[in-house]
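Peer 1: First the structure, which I've put down as structure tokens, then a few questions once you've had a look.
The values are calculated or read from the model by the stated rules, or taken from the named source; none is laboratory data. Remember, predicted model here, so these are calculated numbers, not experimental data. Glycine also receives a Cβ, built like all others from the backbone with ideal geometry; neighbour counts cover every protein chain displayed. For the accessible areas, the whole protein counts, side chains as well, though only heavy atoms, and no ligand, DNA or RNA atoms are used. Shrake-Rupley method; radii C 1.70, N 1.55, O 1.52, S 1.80 Å.
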Amino acid sequence: MRKLDIPQENNSTLDGQRKVMYGTNESGEFQRVNYASSVEEFATITAVQEYEELQKECLEDIKNDIASPIKYFMYKNRMDLPTLCSGVGMFSFRVKRHLKMKHFKKLNDEILKRYSNLFDISLKELKEFNYE
């Protein structure tokens, strides 16, 4: 990409900072160029809003004894299932079970500690999740 084609717009999600992209200058040499893009800003804001909506839906599922607090904290930390699985070092079929309340209630402290460490919360906070 040519240096002149790199977007130089404002991006409020970067908090005044800029990203780096490599572009070619007039003589065809690569150089670093700071940039920001309103398209990236829109995508970031949309993704954050989606995770906030998923959090709210999850709270309702927890109240109805369907979803577990693990699912809530997954969304709160803006994770998807593969990221969560990687973070706790378990296969997805196992983690999917832990996202359901009936299986969550049977988990031992050793497994719950893996989740609480990943979410940077106490084990007590995970076990005694207050959804109100």
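Peer 1: How high is the relative contact order of the chain, in percent, with contacts defined as C-alpha pairs under 8 Å that are six or more residues apart?
Peer 2: After rounding, I find 18 percent.
Peer 1: Leaving out ligands and nucleic acids, note down the accessible area per residue over segment 5-132 with a 1.4 angstrom probe, in whole Å².
Peer 2: 67
Peer 1: Filter the chymotrypsin sites (Phe, Trp or Tyr not before Pro) in segment 48-132 to those in DSSP coil with at most 14 other Cβ atoms within 10 Å of their Cβ, and list the result.
Peer 2: Phe91, Tyr131
Peer 1: Setting aside same-chain residues fewer than 8 positions from Lys102, which lysines have a Cα under 19 Å from its Cα?
Peer 2: Lys63, Lys71, Lys113, Lys124, Lys127
Peer 1: Of all GluC sites (Glu not before Pro) in segment 28-113, which ones are in loop regions per DSSP and have a Cβ with at most 11 other Cβ atoms within 10 Å?
Peer 2: When the GluC sites (Glu not before Pro) of segment 28-113 are filtered for loop state and at most 11 Cβ neighbours within 10 Å, Glu29 remain.
Peer 1: Enter the angle in degrees (range 0 to 90, nearest 10) between the Cα long axis of helix 38-63 and the first principal axis of the Cα atoms of the chain, meaning the one along which they spread out most.
Peer 2: It is inclined by approximately 0 degrees.
Peer 1: Still on this structure, please answer the following. Of (1) 27, 17, 13; (2) 41, 16, 12; (3) 31, 23, 9, which one was derived for semi-axes √(5λ) of the Cα gyration tensor in Å from the structure shown?
Peer 2: So the structure-derived entry is (2).
Peer 1: Exactly which trypsin sites (Lys or Arg not before Pro) in segment 30-132 are in a DSSP loop and have at most 11 other Cβ atoms within 10 Å?
Peer 2: Listed in order of number, the matching sites are Lys105, Lys106.
Peer 1: Heavy atoms only, probe 1.4 Å: what % of the accessible area of the chain goes to carbon and sulfur, would you let me know?
Peer 2: Exposed carbon and sulfur together represent 48 percent of the surface.
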